[in-house]
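Single-structure report; data block below.
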Amino acid sequence: MYKVIVITDPETADGFRLAGVDVVAAETPESVSERIAALMEEENTGILAVNQGYYDAIDQRIMEKIESVYRPIVVPIPVR
């Protein structure tokens with residue numbers, strides 16, 4: 001079964017955890033591209049919901065990969 005994973009800042013991570021979602025708390029937008037690349041390689045990753053500020057900072061190479069695959073689906077989520 002595929003998982004929904006949220007990548008967000010540490011301040012909002014606990015709220016998503018309370019909702020029962022798998023969460024990756026990232027300290028900086030720069031670290032998100034590496035984490036997304038790793039999660040895209042995992043077989044059970046279905047949807048990656050990424051904090052909008054972090055989504056906007058995704059490396060162009062990773063963004064091209066996101067746009068070329070059908071799974072996982074990567075979507076920005078507004079925070080605050």
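Using unit Cβ charges (K, R positive; D, E negative) and no other charged atoms, how large, in debye to the nearest 20, is the dipole of the stretch 25-80 about its Cα centre? If you can, show how the numbers build up before the last one.
On the way: 5 positive and 10 negative charges, 39 e Å.
Around 180 debye, computed over the stretch 25-80.
Packing, taken as the mean count of other beta carbons within 10 Å per residue, orders the peptides 4-12, 59-67 from highest to lowest as 4-12, 59-67. Of the chymotrypsin sites (Phe, Trp or Tyr not before Pro) in the stretch 32-70, the ones in a loop by DSSP (not H, G, I, E or B) with at most 16 other beta carbons within 10 Å are Tyr70. Calculated mean residue ellipticity, 222 nm, the chain: -11500 deg cm²/dmol, from DSSP H runs (n ≥ 4) at -39500 (n - 2.57) each, averaged per residue and rounded to 500. Match the structure shown to one of the listed values (1) 6.5; (2) 4.9; (3) 8.4 of mean projected area of the Cα convex hull in nm², computed from it, and give that label. It is the one labelled (2). Amide H to amide H, with H built 1.01 Å from N, Ile73 comes under 5 Å of Ile47, Leu48, counting only residues 5 or more places away or on other chains. Compute the Cα gyration tensor for the stretch 39-80, then decide on rounded, prolate or oblate, letting a ≥ b ≥ c be the square roots of its eigenvalues: rounded whenever a/c is under 1.5, prolate when a/b is larger than b/c in the other cases, and oblate in all that remain. Oblate, since a/c reaches 1.5 and b/c is not below a/b.
Accessible surface of the chain, 1.4 Å probe: 54 percent of it comes from carbon and sulfur atoms. In the full protein context, the chain carries 61 Å² of accessible surface per residue, based on a 1.4 Å probe and ignoring ligands, DNA and RNA.
Relative contact order of the chain, please, whole-number percent, based on alpha carbon pairs below 8 angstrom and at least 6 residues apart.
34
The values are calculated or read from the model by the stated rules, or taken from the named source; none is laboratory data. On a predicted model such as this, the values are computed, not experimentally measured, just so you know. Cβ sites come from the backbone with ideal geometry, for glycine too, and all protein chains shown count toward neighbours. SASA here: full protein model, heavy atoms, side chains in, ligands and nucleic acids out. Shrake-Rupley method; radii C 1.70, N 1.55, O 1.52, S 1.80 Å.
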